[in-house]
Structures are given as C-alpha cells and as structure tokens.
Amino acid sequence: MLVGVCDFPGSYAFPPAGYGGIERWLWAVAVGARAAGADVHLLGPGWLPELEPDWIRKPVRLEDVIPGSLAERELKAAGYDLLVVGHEYPSLPAWVRTWSELGCDVATFQHSPAFQHTDTAFDGQRSRLYCYSPEMIERYATHQPIAELAVHLGLDEEEPPATRGRDLVWLGRIDEEKAPHLAARAAQLLGRRIFIVGPVFSKDYVRSHEKILTADHVEWVGELGGPAKTAAIRNASVFVYTYARRYVEAGAAVFGESVRAGTPMAALTWREGTCAQAALCDRTGVTVVVPPEADDETASQALAEAIQRAARLDHAEVQEIGRRRFDPTRHFEALAAR
C-alpha cells in the first residue's frame, strides 16, 4: 500500500517541535502507516529536510499542480492508494481536481469545530471524514463522519515507563478558549503546584487572569518539544485539562499524550459527549461536567475534586491503556479501512 501524507502552508514544521496539532497528527499517521507495513511518501515542502534519507519526501502540493504537467504525471504514475491530508483540503477545488486524477482514497480528521465543507467533499467510502467525539460527529453528521480517536506524535517524544509524578501539569495554547486559569485555581484550592506548559496566544487573556496565573504555586514553563515535553507530562501526578464554556474541542492531542506517558487526567467539561468523555475511561482519568452557567469558582472546585480522584489512579495501568488506545499503527489502520 502506498500512502501520501500531505503537508499544508503554515507556521509550524512537519513534524513540529512543540505546539501544532494537525501537523503532529499527520506525523503520527506517517509513523503508523510505516509501522503497519505501508510505503509512505511525505508530500509537500513543509516536511523537515533532515527526515531524509529515512523518509521519501516529495515537495509537491496537490493544489499547486497544473493539469497535464510533469508533476501531475509523476503523481499518477506513483500509484497512491491513500492520501491523508488536513481537513480543509477535500473541500478545496484545486486540491480536489488533482486528487480526482489519482484515483485513490483520501482520509482526513476534523480538527476544527467550525470549518464548513462542501456538500460533495465526503462520500464515506473513497473520501472519508473522521471525528473524535459524539459532539463532533453530530456537528458534521451530513458528511458521514466516522468515530475515531486522533493520535498525535512529535519528534523524539517516545514515552519511557510510567512513574508516579509529584506536581500537576497543564499543557496547551494559553488563551481564553483553553482557560488554564481554571486549572491554576483548582491547584490553588488543593495547595498543589502546577506547571503551565505552552505558547501564549493571547496576552490580553493572561492580563485578565494575572492574579491567579502568576500566583506562587504556578510555574510557567513555556513551549516544550521532544523529550522535555514528554518529561513534563510524565513527571506530573495528574494532567489537568480545561477549556472555555463555549469552545468545542475538535480533537485535542493532550489526551493521548498524557495517558501514553502514564499520567492520569482530570478533565473539566461543560456538557456530555466531548473529547474528554471519548478519550478517557475510569481507569485513565476523571471527567467532571459542570453546568455552563456555573461560575469559575464552582467549576474550579469541581475540577479540584476530580484532581484528587485522578491522583489515586495507577500510572502503569494508565500507560498500558493509553498505548493501546492511542497507538499510531492502530490509528492508521482505522483510517485506511473503508
């Protein structure tokens, strides 16, 4: 089986060193495809040059291919069975035109809760859309989505055996949608130290919650990648997950990253059917549902209770389940199956 994994124009490399959810997902698919025995081509100029000679890189993007050109003939001659691409592209006419010439399948994962697809983007067979949670399945029901947990990987982020960590960790982009101030307040209620890992996307958000985010029990780490990122998760006793009331999480990488490292999760949600409920079970984490009309203090108190319960889970068992549920090979095989 020949699989093409397509990059796209963006500010992050493929695979990224730290933040970059869709880029990390595409890398996980490439790794999983190779582990499953498929031949893999990394399509597009965004893939890191140092991946050669271990990987075949072809710096062509389908949307840039001119009809009848040498690039199109070379793509057709390669004989791709499956292309895996970011969620926008099955609705991009220029990309679809080239793909239609290749006669292969296409699979993508919905990483945005708001993107609008064309009516003909997916048929559920040759072109397939995958969604993480019941909430996302419902949002994209007209496109025949298939339920699947996304897997994400970065370079040099292999997880060593689990260990029972000491402090709390929160990881993600730092802005209003991800709401790390709730995690910081929950940690404060417990008298626990929490590490905040990730890039600042909104300085206004940080200023609006400056008192709690700069409290003595909060340690800012910045954006991490590779072994340092894995260690930050693995060395925590609990990974604390939060997001804003109106935000819809399409397919967060942190669930797989945390449980594969053996760190149980305490997740705050505002409704049922979210990514947290899809990703976690009672042996890998604790998910609490707080009514969206509740204030931040009530939500933080509920999250603090979830942290206490999650801290009692067995880290080795969390990792065993995590490696099975968020395995790149299993994920690719799901994407490749009609």
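Each Lys and Arg Cβ is given +1 and each Asp and Glu Cβ -1; about its Cα centre, the stretch 2-154 then shows a dipole of about 60 debye. Between amide H atoms placed 1.01 Å from N, distances below 5 Å from Ala147 occur with Cys131, all of them 5 or more places distant or on a separate chain. For a straight C-alpha distance cut-off of 17 angstrom, the lysines reachable from Lys178 (same-chain residues fewer than eight places away being disregarded) are Lys203. Across the chain, Cα pairs under 8 Å and at least six residues apart give a relative contact order of 18 percent. Along the stretch 104-112 the Karplus relation, 6.51 cos²θ - 1.76 cosθ + 1.60 evaluated at θ = phi - 60°, assigns HN-Hα couplings of 10, 7, 9, 10, 8, 10, 6, 9, 10 Hz to successive residues, with x for each Gly and Pro. So what does the Cα-only Debye profile of the chain read at q = 0.14, 0.15 Å⁻¹, as log10 I(q)/I(0), no solvent term? Log-scaled intensity ratios, in q order: -1.09, -1.22. With a Förster radius of 35 Å applied to the beta-carbon distance between Glu297 and Asp64, the computed FRET efficiency rounds to 0.10. Using a cutoff of 8 angstrom between alpha carbon atoms and counting only pairs six or more residues apart, the relative contact order for the stretch 1-131 works out to 24 percent.
Taking amide H positions as modeled 1.01 Å from N, with prolines and chain starts lacking one, no residue 5 or more places away or on another chain lies under 5 Å from Asp156.
Taking amide H positions as modeled 1.01 Å from N, with prolines and chain starts lacking one, the residues under 5 Å from Leu83 and 5 or more places away or on another chain are Gly4, Asp105, Val106, Ala107. Each residue, Arg309 and Arg246, gets one label point 7 Å from its Cα in the Cβ direction; the gap between the two is 2.9 nm. Can you tell me the FRET efficiency between Ala141 and Leu2 if r is taken as the Cβ-Cβ distance and R0 is 25 Å, rounded to the nearest 0.05? FRET efficiency, Ala141 to Leu2: 0.20.
Of all lysines in the structure, the ones whose alpha carbon falls short of 29 Å from that of Lys76, not counting any fewer than 8 places away in one chain, are Lys58. Label reach from Ala13 (point 7 Å along Cα→C-beta): in the stretch 152-195, amide nitrogens under 14 Å belong to 154-157. In whole Hz, what ³J(HN,Hα) sequence does the stretch 167-183 give by Karplus (6.51, -1.76, 1.60; θ = phi - 60°), x for Gly and Pro? Those phi angles translate into 9, 9, 9, 10, 9, x, 7, 9, 7, 4, 5, 8, 6, x, 4, 5, 5 Hz. Couplings for the stretch 301-316, taken from phi via the Karplus curve 6.51 cos²θ - 1.76 cosθ + 1.60 with θ = phi - 60°, read 5, 5, 5, 4, 5, 5, 4, 4, 6, 5, 5, 8, 6, 7, 5, 5 Hz in order; Gly and Pro are left as x.
Available extension along the chain between Asn235 and Glu158 is 26.3 nm, counting 0.36 nm per residue and deducting the alpha carbon span.
Can you give the calculated 222 nm mean residue ellipticity of the chain, where each DSSP H run of n ≥ 4 adds -39,500 (n - 2.57) and the sum is split over every residue, rounded to the nearest 500 deg cm²/dmol? Show your work: numbers first, answer last.
Working: 13 runs with 117 residues, N = 338.
About -10000 deg cm²/dmol.
Once the other residues with Cβ under 13 Å from the Cβ of Ala252 are scored (Lys, Arg +1; Asp, Glu -1), what is the net sum? In short, -1.
Bear in mind that the values in this text are calculations on the coordinates, not laboratory data. Keep in mind it's a predicted model, so treat the numbers as computed, not measured. Here the Cβ is made from the backbone with ideal geometry for all residues, glycine too, and neighbour counts use every protein chain on show.
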